[in-house]
Amino acid sequence: MNPLSGTLIVFEGIDGTGKSTQVHLLADALRKQGHTVVTSFEPTNGPAGQRLRQSMREGRLSPQQELDLFHEDRRHHVETLINPALQRGETVILDRYYFSTLAYQGTRGFNIDELRQLNESFAPQPNLLFILELDIETALSRIGVRDGQGNDFEKHETLSACAKTFSQLQGDFIHRLSADQPPADLHQQVLATILAASQPQP
């Protein structure tokens, strides 16, 4: 029996932690092992996701408008891609999920606990959540932000607040790993964590 059948794996963390790289490395590794893997990301390229990306480039929407779009985008993502793939027994790997909404929209005044409860009412909880941790200055240097420039998501104050939220998330499915190491080494830690989690419990 495939221990990863219908498994949802998510990578989270502030910008610059290398989430996308780890998604690709893990997907390639699992496919070589014979698993059927679906990768995706949020915001998606759907209509609501595209509006969110436009707002990041051209000016922020109001907090409520932005939050509503994130939820619209995620509901569509869950209904059209995530749940169908899980039901087919595939392994789904995401670059960002509702935990980013908790972190980033939390900086705009929304209650994090209420946001989590709302999202988990329609979005499946991950089997494994990898939170990649990195100090803010290193993250900013990786994403090429200098002297406080960059969009609102890339400012020191915002990233610090988001990192704090990520550090406070609780759940036995959460695994925190240092992103301040070579991607290949981090990938091996991810694989080891997945292997340990997939072993039958005594």
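The values are calculated or read from the model by the stated rules, or taken from the named source; none is laboratory data. Computed from a predicted structure; not experimentally measured. Because the Cβ atoms are built from the backbone with ideal geometry, glycine has one as well, and the counts that use them run over all protein chains shown. Remember, those area values only see protein heavy atoms, side chains included, never the ligands or the DNA or RNA. Shrake-Rupley method; radii C 1.70, N 1.55, O 1.52, S 1.80 Å.
A few notes on this one:
- The stretch 100-105 - phi-based ³J(HN,Hα) in whole Hz, Karplus 6.51/-1.76/1.60, Gly and Pro as x: 5, 5, 4, 6, 7, 6
- Surface per residue (accessible, 1.4 Å probe) for the chain, Å²: 50 Å²
- Here the stretch 10-107 is assigned +1 on the Cβ of each Lys and Arg and -1 on the Cβ of each Asp and Glu. Its dipole about the Cα centre then comes out at about 180 debye.
- Between the listed residues S178, L26, A192, the Cα displaced farthest toward the positive end of the dipole of the chain, a dipole computed from Cβ unit charges relative to the Cα centre, is found at L26.
- For the pair T138 and Q54 in one chain, pulling the backbone fully straight at 0.36 nm per residue adds 27.6 nm over the alpha carbon distance.
- In the stretch 1-98, taking the dipole from charged Cβ atoms about the Cα centre, the farthest positive-side position among G89, Q50, F70 is held by G89.
- Point-charge dipole on Cβ atoms (K/R +1, D/E -1) for the stretch 23-66, about Cα centre, debye to 20: 80 debye
- Each Lys and Arg contributes +1 and each Asp and Glu -1, all at the Cβ; summed about the Cα centre of the chain, the dipole is approximately 380 debye.
- Fraction of accessible area attributable to carbon and sulfur, the stretch 1-50 (%, probe 1.4 Å): 52 percent
- Extension gain for A29-R176 works out to 50.9 nm (0.36 nm per residue, less the C-alpha to C-alpha distance).
- Pairs of Cα atoms nearer than 8 Å and 6+ residues apart set the relative contact order; for the chain it is 33 percent.
- Label selected from (i) 0.95; (ii) 1.08; (iii) 1.04, the criterion being Rg/Rh (Cα atoms, Kirkwood Rh) as computed here: (i)
- Helical runs (DSSP H, four residues minimum) scored at -39500 (n - 2.57) apiece and divided by the length of the chain put the mean residue ellipticity at 222 nm at -15000 deg cm²/dmol.
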